[in-house]
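Heads up: the structure comes next, in structure tokens.
Only the coordinates and a few stated rules stand behind these numbers; no lab work does. A quick note: this is a predicted structure, and the numbers were derived from the prediction, not measured. Cβ atoms come from the backbone with ideal geometry, glycine included; neighbour counts cover every protein chain shown.
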Amino acid sequence: MSARDTVLQIVPHLPGTFDGVGDYALNLADALSADHGIRTTFLVAATTFVTSRNGYTVISGMDARDCTELARDHEHVILHYVNYGYQARGVPFLLRAFVRQLRPKLRGRWVTTFHELYASGPPWKSAFWLHPFQVRIAHDMLDASSACVVSNAPIEAAIHAYDPEKKVHLVPVMSNFGEPQLTNFGPASPRRWAICGGTALIARSLRLFEHLHPLIPPDFSAEHIDVVGGRGDAAIGAALDRLKRSRPHLAVHHYPEVGVELASEVLRHSSFGWIDYFGAGKVWPGMLLKSTAFAALCAHGVIPVLSHREGPIAIEGDTLPGPYYLTPGATNFPPIDQVHEMRRRFHDWYYAHAASRQAARVYAEALT
């Protein structure tokens, strides 16, 4: 295979280790290979002794001395940018230095996926003081990029505020828990629920669900809830125990550190999925499309129920149903006789706009 058929995907951590960004990159690599004949090499910023993952070559570390060889062997680069992934305080100076060395040597295109741009916070948080550095590094990554990929409109707007001419492709994140092709949405009970995602999101969602589940309309009141993902965390265990005690007839199952096949099998049997994405933080309209948990629910035809009110969500004029929500002051659920149809519409919308094959198509276009 020639260099022009190969892309170097730069990621903060080893793919396939329950890391959202790494799993995204791994799913993208599979789709780029299957549909476009583009082979991936992973360059992992963190130290790893693994040299292969799922058949893809893995290189560890960002050594500027390797840039000539990397540019010789790879036509293009996809950089997965998440500033806190590359440096604990969100100021990845080492990454910036590496990009400055590699970029001029690269013959092809440089596509940066901005999973995050930069953070902000109150004066007692480090993000407040480091914000100017985070912004500057993000702008340097933008300057190095031929094109960008983002998952939501707020990040797209922030990029265009800095560079109105930068080419930006908007693609919602894909599911890390599988992408089943479903046709039958009838068997799942409207009272079967799921919560999925990483440890922090699951713990946060469970805590709020404890308080709000009495407000769920009777037709949808949970009889069974599957918790998919995360680790065997003490906070999650305590929340599950409290939920079982408060509702002894509620069947609750947790599948921690679950593989994709089992996660997908469990999720496809639920009708509703609960997600407290923003917690106590500010609600950013449209930012939900960067949530892999939201993507996993949609991919499996599970109707997401949010802990906040959200305006219409649309990609290329195709509007997602709902959004449905459960808050202390109000609830919004579909009519009981439309649950199966809503499940189908979420599933079909995901495949039209967010599935790995759709993402690979956009990346392949950005690399040409």
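Using 0.36 nm per residue of separation minus the Cα-Cα distance, give me the extension gain between N332 and K244 in nm, one decimal.
Answer, rounded to one decimal: 29.2 nm.
Convex hull volume of the Cα atoms in the chain, per residue, in Å³? Mind showing how you got there, number by number?
On the way: hull volume 51.9 nm³, N = 368.
So the per-residue hull volume is 141 Å³.
With Cβ to Cβ distances under 14 Å as the rule, what net charge do the other residues near C298 carry (K, R +1; D, E -1)? Don't jump to the answer; show the numbers that get you there.
Working: positive: R268, K290, R343, R344, R345; negative: E179, E310, D318, D348.
Summing Lys/Arg as +1 and Asp/Glu as -1 gives +1.
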### Message
How much of the DSSP bridge set in the range 192-353 is antiparallel, in percent, rounded to the nearest 5?
### Response
15
### Relative contact order (percent, whole number), the range 1-154, Cα cutoff 8 Å, 6+ residue spacing
21
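Place the peptides 279-285, 84-90 in order of packing, highest mean first, counting for every residue the other Cβ atoms within 10 Å and averaging per peptide. It would help to have the intermediate numbers written out before the result.
On the way: 279-285: 11.6, 84-90: 17.9.
Ranked by mean Cβ neighbours within 10 Å, highest first: 84-90, 279-285.
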### Query
For the range 222-325, what is the charge dipole size about the Cα centre, in debye to the nearest 20, if Lys and Arg each add +1 at the Cβ and Asp and Glu each add -1 at the Cβ?
420
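Where does each of 100-112, 327-339 land if you order them by average Cβ count within 10 Å, highest first?
Top of the packing list down: 100-112, 327-339.
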#### Entry: Environment charge of D143, counting only residues whose C-beta is closer than 11 Å and scoring Lys/Arg +1, Asp/Glu -1
+3
### Task
For L79, list long-range residues whose amide hydrogen, built 1.01 Å from N in the peptide plane, is under 5 Å from its own amide hydrogen.
I10, V111, T112, T113
### Query
With each pseudo-label sitting 7 Å past Cα toward Cβ, what's the E210-R361 distance in nm, one decimal?
4.5
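Note down the net charge around L26, summing +1 for each Lys or Arg and -1 for each Asp or Glu among other residues with Cβ under 14 Å from its Cβ.
On the way: positive: R39, R53; negative: D19, D23, D30, E179.
Within the 14 Å Cβ shell, the charges total -2.
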### Message
Report for the chain the percent antiparallel among DSSP-assigned beta bridges with both residues inside it, nearest 5.
### Response
10
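For an R0 of 30 angstrom, estimate the FRET efficiency from the Cβ-Cβ distance between V283 and D35 and round to the nearest 0.05.
According to the calculation, E is roughly 0.25.
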### Query
What FRET efficiency, computed as 1/(1 + (r/R0)^6) with R0 = 45 Å and r the Cβ-Cβ distance, is obtained for L182 and L94, rounded to the nearest 0.05?
0.55
### Task
With everything on Cα atoms, drop me the angle between helix 93-102 and the longest principal axis of the chain, reported from 0 to 90° to the nearest 10.
50
### Task
Quick one: Debye curve from the alpha-carbon atoms of the range 189-284 only, equal weights, vacuum; give me log10 I(q)/I(0) at q = 0.11, 0.13 Å⁻¹ to two decimals.
-0.29, -0.41
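Report the relative contact order of the range 192-353, percent, no decimals, based on alpha-carbon pairs under 8 angstrom and at least 6 residues apart.
Across the range 192-353, relative contact order equals 22 percent.
Assuming R0 = 35 Å, can you tell me the calculated FRET efficiency for the pair A157 and T368, based on Cβ-Cβ distance, to the nearest 0.05?
Details: r = 26 Å, r/R0 = 0.73.
The calculated FRET efficiency here is 0.85.
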### Debye log10 I(q)/I(0) for the range 192-353, one point scatterer per Cα, at q = 0.10, 0.13, 0.17, 0.18 Å⁻¹
-0.32, -0.56, -1.01, -1.15
### Cα-projected label distance for D219 with E165, points at 7 Å along beta-carbon direction, nm
5.5
#### Entry: Centroid-to-centroid separation of the range 307-341 and the range 176-229 [C-alpha atoms, Å]
15
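Considering Cα pairs under 8 angstrom that are at least six residues apart, work out the relative contact order of the chain and quote it in whole percent. List each step's numbers first, then the result.
Working: 712 pairs, mean separation 56.6, N = 368.
That works out to 15 percent.
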### Message
Using only DSSP helix segments of four residues or longer, with each worth -39500 (n - 2.57), what per-residue ellipticity at 222 nm results for the chain after dividing by its residue count and rounding to 500?
### Response
-11500 deg cm²/dmol
